[in-house]
Amino acid sequence: MAKSTGKEKVKAMRYLFLLNPVAGVGARRDFLQMIAVACREKKVVYKILFTRAPGDAKKIIQKRSDKYDVFVAVGGDGTMNEVASVLAGTTAIMGLIPAGSGNALGRELGISMKPQKAVEQLLNGHVMQIDTGMINGRRFMNVCGLGFDNHIARVFSKATNRGPIPYFKAVLKEFFGYVSETYVVESNGETVNYTSFVLTVANTSQYGNNAFIAPKASVTDGDLDFIALKPFGFFGALELGRRLFNKTIDRSRYSTYFKTQKIRIDGKNLNFHVDGEPVKNSEPLEISIDPLSLNMIVP
């Protein structure tokens, strides 16, 4: 499939649905029936399979790569990332039914948060190429980051309750005890030290839940968006919280924001997260954009 930012109408294809059973709709019988009814009405070939552990989606796709045209991630950002990481750079097509805590990519692409509507969009949508990012050999679709982002990703990964409310509770609980760190950032011909509470490199404009950490980002512009937030107090947190949701965080006195295609980050603590999944790491971070590398079905 030729790479283009244009959209192609989805023709009759073979769909493989990959469901995370712990996601919001994962094991609901009515949701499975809804998929079946919608696919039969559209007269398309389909199959529904469950993932049971990290890495399952990759194994399933690789085993059935020649039997299906569209591989649909049904779940949160972890499931989305795993499916997208396998498909990026190939001619295969990815579909998405958002069913997680943040659903940043789905929101970015205009995919409905209502499962039935999302399935309708999937079966009647268009194919569009989007950018993906790379960090030390791992692929990300939304954001990767260090600092408080990474800290919260680690805390939240151990939580038994998922969703936006438990996430924000974790943020409030951890906020006052977190100590900012210093990073050495090389990009666009400059090397700068940043003492940052948050340091994020974004492909999409938001973390999820309409919290816009990189309001100028686009998944088709061939760029990554860098944002560093220097340490701030209680009143600074109030300002940044407001700006995070009204798409003006890049204008804050606490932020440094720029676009780039390649970036290197070094420092003492180089653990990071990829689309909310924490990764242990001690090597300098090499981050780059892979333009128009993933075929996605969009409304």
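The values are calculated or read from the model by the stated rules, or taken from the named source; none is laboratory data. Computed from a predicted model, the values in this text were never measured in an experiment. Quick reminder, even Gly has a Cβ in these numbers, built from the backbone with ideal geometry, and neighbours come from all protein chains shown.
Here is the figure for segment 207-229: residues that are assigned to a loop (DSSP other than H, G, I, E, B) and modelled with pLDDT under 95 total 3. Taking the conditions (1) closer than 25 Å to G222 by Cβ; (2) surrounded by 22 or more Cβ atoms within 10 Å (Cβ to Cβ) in turn, R138 satisfies each one other than (2).
G241 passes every criterion in (1) of a type in the set (G, A, S); (2) assigned to a strand (DSSP E or B); (3) more than 14 Å from N150 (Cβ to Cβ) apart from (2).
The set of residues in segment 37-72 being assigned to a helix (DSSP H, G or I) and either surrounded by 12 or more Cβ atoms within 10 Å (Cβ to Cβ) or of a type in the set (A, V, I, L, M) (or both) consists of V37, A38, C39, K42, D56, A57, K58, K59, I60, I61. Going through (1) touching a Leu at 6+ places or on another chain (Cβ under 9 Å); (2) closer than 26 Å to G78 by Cα; (3) surrounded by fewer than 21 Cβ atoms within 10 Å (Cβ to Cβ) one by one, I213 falls short only on (3).
Counting only residues that are touching a helix residue (DSSP H, G or I) at 6+ places or on another chain (Cβ under 9 Å) and of a type in the set (S, T, N, Q), segment 184-202 holds 2 of them. A single entry from A118, A73 fulfils the requirement of being over 16 Å from V274 (Cβ atoms), in the same structural domain as L18 (by TED's automatic domain parsing) and among the small types (G, A, S): A118.
Taking segment 95-123 as the range and being modelled with pLDDT of 95 or more and outside any helix (DSSP H, G or I) as the test, the residues that pass are G95, L96, L109, G110, I111, S112. I'd like to verify a number: residues in segment 173-205 that are in a loop (DSSP other than H, G, I, E, B) and modelled with pLDDT under 95, how many? Result for segment 173-205: 6.
Inspect segment 227-237 for any residue being over 25 Å from F176 (Cβ atoms) and buried (at least 19 other Cβ atoms within 10 Å of the Cβ) and give the result as yes or no. The answer is no, given that none of the residues of segment 227-237 is over 25 Å from F176 (Cβ atoms) and buried (at least 19 other Cβ atoms within 10 Å of the Cβ).
The single condition from (1) touching a Pro at 6+ places or on another chain (Cβ under 7 Å); (2) part of a helix (DSSP H, G or I); (3) modelled with pLDDT of 85 or more that N81 fails is (1).
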